[in-house]
1. Where Rh denotes the Kirkwood radius from the mean inverse Cα pair distance, what is Rg over Rh for segment 85-131?
2. Taking θ = phi - 60°, what integer Hz values does the Karplus form 6.51 cos²θ - 1.76 cosθ + 1.60 yield along segment 97-109, in sequence order, with x for Gly and Pro?
3. Under the 0.36 nm per residue contour assumption, what length would be gained going from the current alpha-carbon distance of Ala115 and Ala165 to full extension?
4. Write down the Kirkwood hydrodynamic radius of segment 40-170, to one decimal in angstroms, obtained as one divided by the mean of 1/r over all alpha carbon pairs.
5. Could you give the length gained by full extension between Ala68 and Ala145, i.e. 0.36 nm per residue of separation minus their alpha carbon distance, to one decimal place?
6. Give the separation of the Cα centroids, segment 110-159 to segment 32-95, in Å.
7. Name all residues of segment 107-135 having a backbone nitrogen under 13 Å from the label point set 7 Å from the Cα of Glu156 along its Cα→Cβ direction, giving them as ranges.
Amino acid sequence: MVRFITFLSALILAGCAPAPAPVAEAGCERRVERAAAFTGPDAKDTVIARALGDTCESAVVVWVLRDAAGKVLWTHAAPYASLAKAADTASVAEMGAFLDQWVAAPVDTTAASPAWGGDAPPEAWGPTGHSMFARETYETIRAAALPRMCVPTSRETYQCLFYDATAEAVDVHFQGGA
């Protein structure tokens, strides 16, 4: 009986809790989407770029790659300020232009990646560029001419993703940067 009274009291008190305040729609919520043939020549994959934030200069931006079934293949999220040019304020129009450009990453193939000739990584990667793959594996992926997209991940860096249909997986071929 004591447990029942305790439970009933807790239930009554929970009903007295104030209702959550409605969340105001943020001032820089934006979404841009485009079709991309990433997982195959006729694939109907989707690239989405979103901005989330009360103000554009404090917004978080998210880049998402989904296959035709809607499965998320890759994502990247970062503060807008780490990807866009430095500015004290950012307008909704500037955010829209940024998202339009970010979502437009073209699809090409890993054959377009720079060759890794000797012991040193390719200069085209930039001084902070790297690959998680050993040179031989990197060159095998490059020679396979797999679908590839290079996406900015900060003002100075980018990642080149590839799709391996056999593994049904996306991975980073290399990351480049200043």
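1. Checking Rg against Rh, the ratio lands at 1.18.
2. Couplings: 5, 4, 4, 4, 6, 5, 6, 8, 3, x, 9, 10, 10 Hz.
3. Values: separation 50, 0.36 × 50 = 18.00 nm, distance 2.23 nm.
15.8 nm is the gain from fully extending Ala115 to Ala165.
4. Values: mean 1/r = 0.0616 Å⁻¹.
The answer is 16.2 Å.
5. Numbers: separation 77, 0.36 × 77 = 27.72 nm, distance 2.13 nm.
Length gained between Ala68 and Ala145: 25.6 nm.
6. 22 Å
7. Residues 126-129 fall inside that zone.
Computed from the coordinates by the stated procedures, all read-outs in this text should not be read as laboratory data. Keep in mind it's a predicted model, so treat the numbers as computed, not measured. Here the Cβ is made from the backbone with ideal geometry for all residues, glycine too, and neighbour counts use every protein chain on show.
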